[in-house]
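The values are calculated or read from the model by the stated rules, or taken from the named source; none is laboratory data. Predicted model, so just to flag it, every value in this text is computed and none were measured. A quick note on method: Cβ atoms are made from the backbone with ideal geometry, for glycine too, and the neighbour counts reach across all protein chains shown. Note: areas computed on protein heavy atoms with side chains; ligands, DNA, RNA excluded. Shrake-Rupley method; radii C 1.70, N 1.55, O 1.52, S 1.80 Å.
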Amino acid sequence: MIKLTAIIPTKNEIHNIEAVLATVGFADEILVIDSYSTDGTFEKAQSLATTVLQRKFDAYSAQKNYAISQAKHEWILLVDADERVTPELQQEILSVLSLNNIPHEAYNIKRINHFMGQRVQYSGWRNDSVIRLFKRDFCKYNNKQVHESLLVNGSTGVLKQKFLHYSYRSFNLYMEKMNHYATLQAKDYDKKTGKLTPYHFVVKPFWGFFKHYIVQSGFRDGLVGFTIGNVQAYVVFMRYVKLWLLRKGRD
C-alpha cells in the first residue's frame, strides 16, 4: 500500500477540526497547516494530527503549496476543514493507492454541498468537483489569490465517491468570507481588467445572479438557490468596487 499524507489547511476552525480529522484517520500522516488561529484550532490539532505547522497567510495557493512541500509521503489528500471524507470515499482512495500501477497523477473528487442547513442540488453547485488526491511532485497550485486550481503535470482521473461539504456554519460567516474573496479577487482581476465601466458594476453582477438562479436552475433550490444567486451578484459587484478602490489607493 502506497503511503498517504492528508493535508488540512485551517484558520479558526475549532468547530470543524475534530470532525474533519476523524475522517482522515486512515492516512499515514495528517498534516495541518494553520494560519495562526486564535480560537484554539492550533492547540486542538496538535493533540490529534501527526504534524501541525503554522504559517502566516498570504494566499490560498501559497499556503497549500507550502504544506505540500512539507508532506512526508508522495501521495497527497487535501481536505478543507469544512469537508468530510465518507467511508465510501475512504475505501475508494485506499483502493487506488493499492494498485501496482496507478493510472493517473491526480484525481478529481466531486462534492455534495450543504448550505443554510439544506443540500444544494442545483445553483451551479450540482457538478462541483475539486482535484484533491494527487502525486506530490507532479502537482502545484497556481498563483491566484482565490479560487486557486491545481496544475497537474500528467493525467487526471475521477473518483466515483464524493466529499461531504458543509460550506458555512452561519450566514454571517458566509458573507464575511465572500467579502474576503472579493478583496482577493480584486487583486487577481487588476491584472486582466481594463477600464472599469457600468458593464462591470451592473451587467456582470446581473449575469452572476441570472446564471446561478436561471441558467443553472437555482430556482429549484428554493430560497437557498435565490440566496446563492443574490450573493453571487453581490460578490461580483464588490469585486469591482474593491478593484476601483485598489486602483485609487483606498481601503
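Just one of Ala27, Ala59, Ala19 is of a type in the set (Gly, Ala, Ser), crowded, with 21+ Cβ neighbours inside 10 Å and out of contact with any Phe, Trp or Tyr (no Cβ under 8 Å at 6 or more places or on another chain); which is it?
None of the other options fit; the residue is Ala27.
Which condition from (1) closer than 16 Å to Tyr166 by Cβ; (2) open to solvent by less than 60 Å² (accessible area, probe 1.4 Å); (3) β-branched (Val, Ile, Thr) is the one that Ile7 breaks?
Every listed condition holds for Ile7 apart from (1).
Could you tell me how many of the residues in the stretch 5-35 are more than 16 Å from the chain's Cα centre (by Cα) and touching a residue at least 40 places away in the same chain (Cβ under 8 Å)?
Summing the residues that are more than 16 Å from the chain's Cα centre (by Cα) and touching a residue at least 40 places away in the same chain (Cβ under 8 Å) in the stretch 5-35 gives 10.
Are any residues in the stretch 89-119 modelled with pLDDT of 95 or more and open to solvent by less than 30 Å² (accessible area, probe 1.4 Å), and if so, which ones?
Leu89, Ile93, Val96, Leu97, Ala106, Tyr107, Ile109
On the given criteria, is Val215 open to solvent by 90 Å² or more (accessible area, probe 1.4 Å) and not charged (D, E, K, R)?
Judged against the criteria, Val215 is not a match.
Starting from residues that are of a type in the set (A, V, I, L, M) and loosely packed, with under 15 Cβ neighbours inside 10 Å, keep the ones in the stretch 129-186 and report whichever is farthest from Arg247 (Cα to Cα).
For the stretch 129-186, the residue satisfying everything is Val158.
Filter the stretch 72-84 for residues that are open to solvent by less than 10 Å² (accessible area, probe 1.4 Å) and of a type outside the set (Asp, Glu); which is farthest from Asn12 (Cα to Cα)?
Trp75
So that you can scan it fast, the table gives a plain yes or no per residue for (1) under 15 Å from Phe237 (Cα atoms); (2) acidic (Asp, Glu); (3) out of contact with any helix residue (DSSP H, G or I) (no Cβ under 7 Å at 6 or more places or on another chain):
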site	(1), (2), (3)
Val120	no, no, no
Phe138	no, no, yes
Tyr141	no, no, no
His147	no, no, yes
Lys162	no, no, no
Lys191	no, no, yes
Pro198	yes, no, yes
Lys204	yes, no, no
Phe210	yes, no, yes
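Taking the stretch 154-213 as the region of interest, how many residues are under 24 Å from Ile14 (Cα atoms), touching a strand residue (DSSP E or B) at 6+ places or on another chain (Cβ under 9 Å) and aliphatic (A, V, I, L, M)?
1
If I ask for residues that are open to solvent by less than 70 Å² (accessible area, probe 1.4 Å) and assigned to a helix (DSSP H, G or I), which ones from the stretch 190-210 would you list?
Within the stretch 190-210, His200, Phe201, Lys204, Pro205, Gly208, Phe209 qualify.
State which residue pairs qualify: first residue under 12 Å from Gly225 (Cα atoms) and inside the stretch 113-141, second residue buried (at least 20 other Cβ atoms within 10 Å of the Cβ) and among the acidic types (Asp, Glu) in any location, beta carbons under 7 Å apart, and separation of 6 or more residues or different chains.
Val120/Asp221; Gln121/Asp221; Tyr122/Asp221; Ser123/Asp221
Take Glu83 and decide whether it is of a type in the set (D, E, K, R) and either under 23 Å from Val152 (Cα atoms) or in contact with a Phe, Trp or Tyr (Cβ under 9 Å, 6 or more places away or on another chain) (or both).
So Glu83 fits the description; yes.
With the condition kept exactly as written, say whether any residue in the stretch 202-214 is under 20 Å from the mean Cα position of the chain (by Cα) and closer than 21 Å to Glu83 by Cα.
Within the stretch 202-214, none of the residues are under 20 Å from the mean Cα position of the chain (by Cα) and closer than 21 Å to Glu83 by Cα.
Quick one: Ser123 ticks every box in (1) at positive phi; (2) open to solvent by 10 Å² or more (accessible area, probe 1.4 Å); (3) small (Gly, Ala, Ser) except a single one, so which number is it?
In the conditions (1) at positive phi; (2) open to solvent by 10 Å² or more (accessible area, probe 1.4 Å); (3) small (Gly, Ala, Ser), Ser123 misses (2) alone.
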